[in-house]
Amino acid sequence: MTKDRRYGNFSLLTSFGLLLLFLCQQVSLAAVHHQRISGSAGDVLEDNPVGRLKVFVYELPSKYNKKWLEKDPRCLTHMFAAEEFVHDFLLASPVRTMNPEEADWFYTPVYTTCDLTPNGLPLPFKSPRMMRSAISYISTHWPFWNRTEGGDHFFVVPHDFGACFHYQEEKAIERGVLPLLKRSTLVQTFGQNHHVCLKEGSIVVPPYAPPEKMQSRFIPPSTPRSIFVYFRGLFYDVGNDPEGGYYARGARAAVWENFKDNPLFDISTQHPSTYYEDMQRAIFCLCPLGWAPWSPRLVEGVIFGCIPVIIADDIVLPFADAIPWEKIGVFVAEKDVPNLDKILSLISPEEVLEKQRLLANPAMKQAMLFSQPTLPGDAFHQILNGLARKLPHDPQIYLKPGQTVLNWTEGPAGDLKPW
Amino acid sequence: MKKAAGSHRPTRMRSKNRSGFSSDQTSDTAFRSTSISFFRIFIQCMFCIGTLIVGFRFTREAHFLRASFHHPEDSFSRRTGARMGSLVSIGNRSDLDLRIQEEIANDPEAFRLENSETIIRSRVRVDVGRHAILIRPWPHPDPFEVIQAHHLIARVQMEQWQLYGSKESKPIIAITTTFVRSFQAVHLTGLLHTLSLVPVHVTWIVMEAGGVTNETAYFLSKARVHRLLHLGFGDAMPAGLKERGQLEAHMRVEGLRYVREEKMEGIVVFADESNLHSLDFFTEAQKVDWVGALSIGLLGFAGFEETAQSRIADVHQEEVGAGRRDNLFSRRTFEPQVQGPSCDSEGNLVGWHIFDPLPLEEEVYTGIMLAQNRRLEWPNFVLNARAVWKTEGNQPEWIKSWDEWATPKDGSAPDIKAILRDDKQVKVLGDCGRKVLLWWLRAEARADSRHPANWVLDENLEIIVPAKSTPWPDRPVRVPPPPPPPAAATVGTGSKRGAGSRVSGGKGRRSKRRQSRPNIS
């Protein structure tokens, strides 16, 4: 009895102290350098996931992960490197547990985007078979997959269209999400509403961008931002889209054709060596879709304080429940691209300053990076926070013994071959 | 080059797609429609061959033609790649599903479809496929929107200055010497706008040679500075450059005397009107303790310029000699002449860079210029106003007192560098003189050139009188002898004389007339 009362007093004191701390923090943040960010899930950007969930990491044979890295170390630097870094992070994280019975989430480290061409582009043709083989391995060696048929498992699939495992959108839609992953949580970079390849409950993450490369190129913040709109990249992909009109659904070409002579728009295909410095001297940075709607430009824009102008219909941006992207970026429909200059110049200065204040929040910048070594609030922690928000699991995911939901023979015939 | 995500198809794969239907079938299609009529296969082959010949997806265009009658679109023009006509986007997948049914029934061959069930099953709302490139008919930006954008930029920069800008904001005292002349409007307007944009309080002391005039006052009225002092100096500006320099030195000292008597606070900057200032110059000047020095770049005569003489000589070389084409267009490295402090690797002042002009072909300028430019200019130095105050006890001992340096006994012009007893105490600004924040534009109209008052012409110009009798010597430009005329042009003895050589008398009227027509090359 007394123990309960002491506990009650203690909890009262701590809650009062926390309230006081919270108020102080609100008052101290009256300085207008930056502003707190709270998304639809609340003020969760700076949550600490440690203690809120436990993750068990399966030990797979090295042919699923390490062998690929040995074959091609470029996997650690390209924009799909999130899968490798999440694996390393979880191995060393305090949320990792060695006891699978108490784990909330199970992670399978399989590097599906590490099969690179000589140019460095990942080929997804073997990825479905590799994933299938990994799942059959974990289902035979541990009982936890069969318990829920993947309901409490999560996978990192950072490829163009996530678990659809193809780089062409039409093919990816035809294939759909790999049937075996139907019940699992997917951590992916692709996010588009009303699209087959974005499963409900997926966690959208930013593409990997090397943090040191960007953080070494900061210029003094007093350098005046004199470029109105900045963009560097392709407008026409003549190699893969010679007819025109397929790449970026014609949006990038529309940007070029409409604004190539507009002095307010600094857009070009020439990639300068001062790319990062120029972004810090720009107010708006265009982030149009390419072959897939996501791009590393969003990450770069956020790091360098350039307001992202997102031209991709129905896109789902990373950590959308933690970060209120409508308040931070400018969304332009693809059909409105010819009026882009009108849209941007008619934004009120107060709104622009507000967005810049939100972008200046260090928590925001931290959340976009996969920092090495890991820092509180970085992308890894946001993934864990997202997973923690999905807890506790719906009891319906637990299957009765003998009950099966997934059809292992589902899918194109080519996927069924063993790997 | 930065690539968007996914723009990495191996081109081998994609190149197969150019030939119509057959390549779209990959190994994992398992839903082929079993009942394909022979007619459809035939039409499919014809379209294939047509695509191979023409070079684009014929079937897509055919479908477009059908679809274009169903979809009237709005005012944007559509454009596809280089070879196409216009194309309309195919429309939502959901109504596509219905149309698929009816069009397969009507005209199956015009529709590219091999996995009908899977496409119907997809829930995609944004189309996959070809889209139009929307271009608006009037491409130019609306001027109102451009002004809005510039207001936005200005507001953002103001906010940046408030948040991150230099917190030190000592007022600036700018001392300028001027006099009424043709280029006064050019120089003074530029300086006026620069000083109006300096974010701290500016006191602008304008010393005018020849007394205060209305014309200068007219220009100065547009300045938006904290305080404007328009003072007159008795003597008119002399014509010679050396004398001008001396008079300007006296006028600046007069301005400093004003600062001294009024006990003004701030940083004294010698803003010559022929200088181009960067706003960073005024930020950098804030860092001075007592005396600062920085670099000034020189425009208007840099080492790369060549004279008209040498260029003509090159033309001749090119025409006569062979293989010397590169002479005329050879790249000359532009070495901007910079005058100012120079440091060693630790950042301590070790010396001064002084402008040393290259001699011209004609030795006309060297005499005059050299004498003027063997020492540092006043704009190279930035002073704390307290350095010239009366209370000499508060100044460090390496600054001479006013009487010692400002009024030299031998009657020569005062020099700002004479304020220092010890050169090493000068604070070197602008990244040890490496950053040039200040440019001296050495361009001036002739001393006797006339200009209308306030540059406003009430009447039309009727007579143009050439300016005469200036102390600046003319650079005689010899007209180059023209290339020898072609043989068929002139007949007779006249051709041998060449152009420009008018022979008067001599042969007779006919030849004289022929001569008198100059040969225009």
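The values are calculated or read from the model by the stated rules, or taken from the named source; none is laboratory data. Since this is a predicted model, take the numbers as computed values, not measurements. Cβ sites come from the backbone with ideal geometry, for glycine too, and all protein chains shown count toward neighbours. Each accessible area value is taken on the protein alone, full model and side chains, heavy atoms only, with ligands, DNA and RNA left out. Shrake-Rupley method; radii C 1.70, N 1.55, O 1.52, S 1.80 Å.
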If the label point sits 7 Å along Cα→Cβ of A:A360, residues of region B:127-166 with amide N under 14 Å come out as B:155-166
How would you rank B:261-269, A:272-280, highest first, on the average number of other Cβ atoms within 10 Å across their residues?
B:261-269, A:272-280
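Would you mind putting A:336-344, A:371-379, A:218-226 in packing order, based on average other-beta-carbon counts within 10 Å, highest first?
Working: A:336-344: 19.9, A:371-379: 16.9, A:218-226: 13.8.
Top to bottom by mean Cβ count within 10 Å: A:336-344, A:371-379, A:218-226.
What is the ratio of the Cα radius of gyration of region B:131-242 to 2.2 N^0.38 Å, with N the residue count, to two decimals? Let's see the in-between values first.
Numbers: Rg = 20.9 Å, N = 112, 2.2 N^0.38 = 13.2 Å.
Relative to the 2.2 N^0.38 Å estimate, region B:131-242 comes out at 1.58.
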A correct Kirkwood calculation over the Cα atoms of region A:125-197 returns a hydrodynamic radius in Å of 12.6
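Want the number for B:D280 to B:H353: 0.36 nm per residue separation, take away the alpha-carbon distance, what's left? Don't skip to the end; give the middle numbers.
Details: separation 73, 0.36 × 73 = 26.28 nm, distance 2.14 nm.
The span from B:D280 to B:H353 would gain 24.1 nm if fully extended.
Ratio of region A:238-286's C-alpha Rg to 2.2 N^0.38 Å, to two decimals? Working shown, then result.
Numbers: Rg = 12.8 Å, N = 49, 2.2 N^0.38 = 9.7 Å.
Normalised Rg, Cα atoms only: 1.32.
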Based on the mean of other beta carbon atoms within 10 Å per residue, what is the order of B:448-458, B:419-429, most packed first?
B:419-429, B:448-458
Express in Å², to the nearest 10, the accessible area of A:E59 obtained by rolling a 1.4 Å probe over the protein heavy atoms while all chains stay in place.
130
Whole-Å distance linking the alpha carbon centroid of region A:163-183 with that of region A:194-272 is 25
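Whole number please: convex hull volume per residue, Cα atoms of region A:338-380, in Å³. It would help to have the intermediate numbers written out before the result.
Values: hull volume 3.6 nm³, N = 43.
With only Cα atoms used, region A:338-380 gives 83 Å³ per residue.
What's the average, rounded to a whole number, of partner chain beta-carbon atoms within 10 Å of each residue's beta-carbon in A:111-122? Write down the numbers at each step before the final one.
Working: counts 0, 0, 0, 0, 0, 1, 2, 1, 3, 1, 6, 1.
Per residue, the average neighbour count from other chains is 1.
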Percent of alpha-carbon pairs separated by more than 21 Å within region A:261-419
60
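Averaged over peptide A:248-259, how many Cβ atoms belonging to another chain are found within 10 Å of each residue's Cβ?
Working: counts 4, 9, 10, 3, 2, 8, 9, 1, 2, 6, 7, 2.
Taking the mean over all residues of the peptide, I get 5.
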Length gained, B:I53-B:D431, 0.36 nm per residue minus C-alpha separation, equals 129.6 nm
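How many percent of the alpha carbon pairs in chain A exceed a separation of 29 Å? Working shown, then result.
Values: 42971 of 87571 pairs.
Summing the P(r) of chain A above 29 Å gives 49 percent of all pairs.
Rg to Rh ratio, region A:170-242, alpha-carbon atoms and Kirkwood radius?
On the way: Rg = 18.8 Å, Rh = 16.7 Å.
We get a ratio of 1.12 for region A:170-242.
Given the pairs A:K54/A:K182; A:K54/A:K213; B:K167/B:K263; A:K355/B:K170; A:K63/A:K390, which are separated by over 26 angstrom at their Cα positions? List each step's numbers first, then the result.
Details: A:K54/A:K182 22 Å; A:K54/A:K213 32 Å; B:K167/B:K263 24 Å; A:K355/B:K170 32 Å; A:K63/A:K390 31 Å.
Distance filter (> 26 Å) returns A:K54/A:K213; A:K355/B:K170; A:K63/A:K390.
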Charge dipole magnitude, Cβ of K and R +1, D and E -1 - region A:212-252, Cα centre, debye nearest 20:
280
For region A:51-190, evaluate the Debye formula with one uniform point scatterer on each Cα (no solvent term) and list log10 I(q)/I(0) at q = 0.18, 0.20 Å⁻¹, rounded to two decimals.
-1.04, -1.27
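Using only atoms on other chains, find how many Cβ atoms lie within 10 Å of each Cβ of peptide B:155-161 and report the average.
What the average comes to for B:155-161 is 6.
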Farthest toward positive dipole pole in chain A [+1 Lys/Arg, -1 Asp/Glu at C-beta], among A:V187, A:T108, A:T269
A:T108
